[in-house]
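**Student:** One structure, as structure tokens, below. Some questions next.
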Amino acid sequence: MKIIAVIVAFHPNLEQLRILCDQLLGISHHVLVVDNTPQPQELGLGERIQHLPLLSNTGIAHAQNVGAQRALQMQADVVAFFDQDSCPEEATLVAMDAAISTTDFDILAPTCVDSLNREVLPAYRLSVLGIPHPIYADGPSVAVPVDLVISSGNFVRSRVFQRGVWMDRTLFIDYVDFEWCFRCRRHGFSVGLVSAARMSHRIGEKTLQYAGVRTSLHGPARSYYKLRNPLLLLRRREVPVLYALRELTAAVLQALVVLRQHEHRKLYLSAFLSGVRDGLLNRSGPKPANG
């Protein structure tokens, strides 16, 4: 089975990126580094590692599509996606490799652990009404069925992309993975969470909490998408309305926590208001430079 790994990079830490590439070469035939960094840069990563510079920040969805398209051109059976700050252990990669070889799941994901607070991040199963319920893989099963997983660490069979189920570049970053999972479900593709695989993954800059509401802090530019994209999801037929409303409610509460606690409230308020405006107006794609 030919596995090709795709890493999406944006101003990467080169030492950390080299470590990740070396780890992935243990289970993959090639590693593709799709680079959203606007400035050209030489990475010098080795023969089995291809650097694909996009020379602008096109968003994670477009970069993942570029990587997947190149992997398919290289006759990949499986495309494995990683963010530049993901830290899979050797045992995790071995478990993922074994799971994709011995199960029929179309998409397999490891259990991710927030590298800042060591909290285990769940995958989700959806109720009949579209309400997500957290799932933690544990026990003797190789993999358990789930519906929604984050993209970093995913092993995806090529047939998913050959059927035309690509990431939606109009969302740019937030909810790209979950929206894609909804469309995969619609096309009948199965998603599994691998019991033996855990991967450290950074979520935000730090954790904020107030009045029982907790959120991961991101910069103002990223915070724009946190509020805009749930509004866009309300218009997607594959996304249950109750799910989108739940995510929108959570985003509003988390925005209030940021505005309550962060010293740069005006910057964040501007980002949140712009996100709400553009979400209501159905404006997608990258955040406008003057917006």
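The values are calculated or read from the model by the stated rules, or taken from the named source; none is laboratory data. Note that the structure is a prediction, hence the values are computed from the model and not measured. Note that we place each Cβ from the backbone using ideal geometry, even for glycine, and neighbour counts take in every protein chain shown.
**Student:** Looking only at the stretch 255-291, which residues are in contact with a strand residue (DSSP E or B) (Cβ under 7 Å, 6 or more places away or on another chain) and basic (K, R)?
**Tutor:** Across the stretch 255-291, the qualifying residue is only R260.
**Student:** Need the failing condition index for I100 against (1) hydrophobic (A, V, I, L, M, F, W, C); (2) out of contact with any helix residue (DSSP H, G or I) (no Cβ under 9 Å at 6 or more places or on another chain); (3) buried (at least 18 other Cβ atoms within 10 Å of the Cβ); (4) assigned to a loop (DSSP other than H, G, I, E, B), just the number.
**Tutor:** Condition (4) is where I100 drops out.
**Student:** For the stretch 18-40, give me each residue that is farther than 19 Å from F155 by Cα and of a type outside the set (V, I, T).
**Tutor:** Across the stretch 18-40, the qualifying residues are R18, D35, N36, P38, Q39, P40.
**Student:** Right, here's the next one. Out of (1) out of contact with any Gly (no Cβ under 6 Å at 6 or more places or on another chain); (2) within 17 Å of A71 (Cβ to Cβ); (3) of a type outside the set (S, T, Y), the odd one out for L108 is which?
**Tutor:** The failed condition is (1).
**Student:** Looking only at helices (runs of 4 or more DSSP H) that lie completely in the stretch 123-237, which have at least 3 residues being touching a helix residue (DSSP H, G or I) at 6+ places or on another chain (Cβ under 8 Å) and among the hydroxyl-bearing types (S, T, Y)?
**Tutor:** Because the criterion is at least 3 residues that are touching a helix residue (DSSP H, G or I) at 6+ places or on another chain (Cβ under 8 Å) and among the hydroxyl-bearing types (S, T, Y), the helices (runs of 4 or more DSSP H) in the stretch 123-237 that meet it are 220-233.
Table: residues versus (1) outside the structural domain of D83 (by TED's automatic domain parsing); (2) over 29 Å from N117 (Cβ atoms); (3) touching a Phe, Trp or Tyr at 6+ places or on another chain (Cβ under 9 Å).
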| site | (1), (2), (3) |
| --- | --- |
| K226 | yes, no, yes |
| P230 | yes, no, yes |
| P240 | yes, yes, yes |
| A250 | yes, no, no |
| L253 | yes, no, no |
| R260 | yes, no, yes |
| E263 | yes, no, no |
| L267 | yes, no, no |
| K287 | yes, no, yes |
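**Student:** Separate question: Take the residues of the stretch 20-71 that are of a type in the set (D, E, K, R) and free of Cβ contacts under 8 Å to residues at least 12 places away in the same chain: which is surrounded by the fewest Cβ atoms within 10 Å (Cβ to Cβ)?
**Tutor:** E47
**Student:** Checking W166 against (1) under 26 Å from Y224 (Cα atoms); (2) hydrophobic (A, V, I, L, M, F, W, C); (3) at pLDDT below 95, which single condition isn't satisfied?
**Tutor:** (3)
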